[in-house]
1. With r as the distance between the Cβ atoms of residue B:277 and residue A:7 and R0 = 22 Å, compute the FRET efficiency 1/(1 + (r/R0)^6) and round to 0.05.
2. Work out from phi, with θ = phi - 60° and the Karplus expression 6.51 cos²θ - 1.76 cosθ + 1.60, the ³J(HN,Hα) of each residue of the range A:259-268, listed in order in whole Hz, and give x for Gly and Pro.
3. Rounded to the nearest 20 debye, what is the charge dipole size of the range B:190-332 about its Cα centre when +1 sits on each Lys and Arg Cβ and -1 on each Asp and Glu Cβ?
4. With a ≥ b ≥ c the root eigenvalues of the C-alpha gyration tensor of the range B:230-286, is it rounded (a/c under 1.5), prolate (a/b larger than b/c) or oblate?
5. Between residue B:98 and residue A:25, with labels modelled 7 Å along Cα→Cβ, what's the label distance in nm to one decimal, could you check?
6. Taking all protein chains in place and a 1.4 Å probe, what share, in percent, of the accessible surface of the range A:205-304 do carbon and sulfur account for?
7. Could you derive backbone 3J(HN,Hα) for the range A:405-421 from the dihedral phi with the Karplus parameters 6.51, -1.76 and 1.60 (θ = phi - 60°), listing whole Hz in sequence and x where the residue is Gly or Pro?
8. Summing both sides, how much accessible area is buried between B and A? Use a 1.4 Å probe and give Å² to the nearest 100.
Amino acid sequence: MFESLNERLQSTFKKLRGQGKLTESNISDSLREVRRAFLEADVNYKVTRDFIERIKTRALGQEVMGSLTPELQIARIIGEELTQLMGAEAEKIRIAPSGPTVVMLVGLQGAGKTTVAAKLALKFRKEGRTPLLVAADVYRPAAIRQLQILGEQTETPVFSMGTDVSPVKIAKASVTEALAHGQNCVIVDTAGRLHINEELMGELRGIKDAVNPTEILLVVDAMTGQDAVNVAENFNNDLDIDGVILTKMDGDARGGAALSIRHITDKPIKFISIGEKIEAAALEEFYPERMSSRILGQGDFQTLIEKAEDVFSEDQARELERKLSENKGLDFNDFLTQLEQIRNMGPLDQLVDLIPFKNQLPVKNLKPDESHLNYAKAAIQSMTPEERRDPTLLDRSRKLRIAKGSGTTVNQINTLVNQLRMMNRMLNQQTAMAMPQMGPKLGALPRPKRKAKKPRRRKRRKSR
Amino acid sequence: MLKNLLKRRDKSRAAAEGGDSSQAAPESGAQQGGWFQRLKSSLAKTRKQLFSRLSGLLQIGRKIDEELMEEIEEILIQSDVGVETTLRLMDNVRAAVKAKGLGDASELESVLKAEILNLLGEDTPLACVPAESPYTILVLGVNGAGKTTTIGKLASRFRSEGQHVIVAAGDTFRAAAEDQLAIWCERAGAELIRGGEQAEPASVVFDAVHAAQHRDADVLIVDTAGRLHTKKPLMDELAKIGRVMGRAHEGAPHEVLLVIDGTVGQNALIQAKVFNEAVPITGVAVTKLDGTAKGGIVIAVKAEIGAPVKLIGIGERLDDLRDFAAADFVAALFASEGTET
């Protein structure tokens with residue numbers, strides 16, 4: 001996420017390394033680069049100009065920052081201003097105090113409204129609410145069908161009246177329906193439209209008047225260019241939106257929309273949507289400070305831990321603790337559970353992004369490949385229950401059978417066995433750790449690169 | 001048929017050629033729903049917001065100096081032309097100004113136009129009457145770019161030329177993608193080959209190529225699931241679809257069309273680059289250009305990736321998918337409010 005912006009900022013900071021202090025000249029050199037980085041990241045022109053101006057004032061104003069080097073001073077000012085730019089405080093979705101919570105999703109075509117609707121329904125369900133999805137897109141071919149399928153997948157009822165009824169009527173009837181069936185959240189999926197289409201914008205105003213939504217959320221493709229602010233401004237002027245959802249955040253979005261919309265419209269970003277799979281983890285609440293930290297390449301450990309906690313049940317934690325205390329070590333069954341859990345934490349490459357200072361890790365270009373998870377899972381599933389419990393059973397002929405059965409190679413099976421062994425060794429060293437559940441979790445992250453590890457493994461074998 | 005089309009294109013060309021366009025355009029307008037007029041009004045937003053600011057800058061009497069150049073740069077960047085391309089464009093403009101010894105701002109417009117045209121290069125429209133049959137077109141892009149809609153419009157265009165069109169529902173991932181395509185095919189009168197949800201896309205495509213061969217189709221258009229260019233396994237899947245097509249039919253896919261959302265920013269460049277690595281693209285279709293204040297990405301894509309923009313989508317109507325003509329595009333960008341066409 002925001003990699004290119006991150007890289008550009010890092011290289012800017014690096015140039016300040018070794019400078020004695022911030023001077024007018026090195027500040028303006030750095031800021032010129034920051035400006036370009038911002039523009040290349042599709043940050044709105046006006047927003048960029050204001051931002052640079054503020055950084056300049058603060059940096060020149062020489063807030064005394066004790067022993068910080070110029071590099072860290074600038075990084076800190078930029079970090080704080082980035083947070084400010086995105087709204088400082090996180091703002092959550094509001095739930096109506098009484099009656100059903102009505103969420104109305106609006107946006108351009110192809111922004112991802114229907115997918116977001118399903119993810120939101122899943123999120124509500126997880127929180128113990130009873131959502132109703134409303135198919136108010138009567139224009140796009142098969143849009144209703146799409147929502148119905150997603151409704152089946154998320155086990156959420158879908159309200160539709162076909163394509164011959166006006167969206168205003170559909171929305172109105174859906175709220176009555178929700179009241180009648182005791183559903184407490186109504187998610188209205190409207191048709192995509194251009195912000196300059198007067199007629200269709202009028203229709204949205206009609207829906208707003210008819211159902212008085214608790215939240216009107218504008219769904220914006222995070223990859224939108226300089227136009228993002230125009231879109232947001234137009235929708236906001238017409239509908240007085242309550243917030244924004246940024247989608248396709250896993251598409252190496254540059255950050256332009258994220259950094260510009262709040263500043264221009266003064267409306268908060270409430271969620272970011274990641275990945276095309278409909279899963280609860282794919283809709284993250286938006287925290288300006290955490291995002292700013294991600295942009296600066298400092299990762300976001302908080303979110304990582306929350307995601308882990310989300311998929312890791314207390315029972316499993318207790319079971320794991322028991323195993324560890326008995327000093328038995330983990331087997332392939334535990335390994336498989338962990339694979340599943342990692343899967344449930346959302347797209348792998350996005351998880352890696354959360355690791356603090358990943359740029360400074362010895363392994364460069366940490367690019368996890370989900371297929372590694374696949375082959376590991378296939379291999380374990382080709383093992384007999386005994387083999388899963390006791391990896392030492394695995395001799396050459398068993399390995400060959402497993403490899404054949406799972407479409408992998410003996411080499412890959414060996415790697416897997418080694419991984420388990422290494423994980424157990426690591427655990428043994430850390431049994432006294434305060435948070436036993438985090439140990440195996442990090443240990444189970446996929447090997448970043450097979451090449452990097454091979455020589456080390458050989459050395460160890462020889463020494464034994 | 002072909003002659004008709006050529007005539008049509010010539011007319012729209014003529015319409016775009018500045019001064020004496022006033023005669024040609026109304027005629028073409030009557031015949032074709034006013035291609036230039038439509039483009040002009042569709043791009044009105046771009047023009048009003050940005051390029052009219054340009055005309056405001058390029059007034060008689062203003063001197064050409066660095067300040068002016070920087071203001072032009074700002075306008076270009078704001079229209080998603082991108083930093084890299086803007087700098088390149090402005091370098092060329094500066095060189096031209098120097099070479100011609102221009103001094104007055106009013107003389108800059110033609111220089112700018114010429115340099116943008118220069119970056120856009122020759123038009124390479126999609127063949128309307130394919131040389132080979134079945135002529136296979138593979139359509140790719142990120143989620144929500146407008147692939148399915150573009151395919152619908154494309155199918156209807158080939159159908160109106162009397163071609164036998166088969167469409168392959170290669171998007172087996174997104175819910176109801178097939179149904180959406182089925183509705184478009186019904187409207188256009190094209191045949192749809194579907195494999196069912198969760199089917200292996202490459203196998204659906206393979207079947208479709210065979211169906212196209214056996215049913216003597218003129219054109220086969222292959223839809224694919226939207227995928228973010230950052231997803232390696234999905235890009236590999238795409239490469240496989242390309243290979244499978246080539247194996248099933250010599251020379252296929254003849255056309256690999258990348259669909260890009262016109263409102264997308266500089267991300268379009270990396271999209272084009274990565275998709276091109278999976279299956280070498282032969283052309284780009286830029287959609288939703290009617291909504292955006294920034295047509296600039298069209299220029300950036302051509303200048304930095306070298307992929308020719310072949311089609312642009314400028315509205316929701318079935319015939320709002322047009323061949324991209326650089327001259328018209330630039331003329332429409334610069335045409336001022338009052339200009340009669």
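The values are calculated or read from the model by the stated rules, or taken from the named source; none is laboratory data. Quantities reported herein were computed from a predicted structural model and do not represent experimental measurements. Neighbour counts run over all protein chains shown; Cβ positions are idealised from the backbone, glycine included. We work out accessible area using only protein heavy atoms, side chains counted, and drop any ligands, DNA or RNA first. Shrake-Rupley method; radii C 1.70, N 1.55, O 1.52, S 1.80 Å.
1. My answer for the efficiency is 0.65.
2. 8, 9, 4, 4, 4, 7, 9, 6, 10, x
3. Dipole of the range B:190-332, to the nearest 20 debye: 500 debye.
4. It comes out oblate by the Cα gyration axes.
5. Going from the residue B:98 label point to the residue A:25 one covers 2.6 nm.
6. The value for the range A:205-304 is 37 percent carbon and sulfur by accessible area.
7. x, 10, x, 10, 10, 4, 4, 5, 5, 4, 4, 4, 4, 4, 4, 4, 4
8. 3400 Å²
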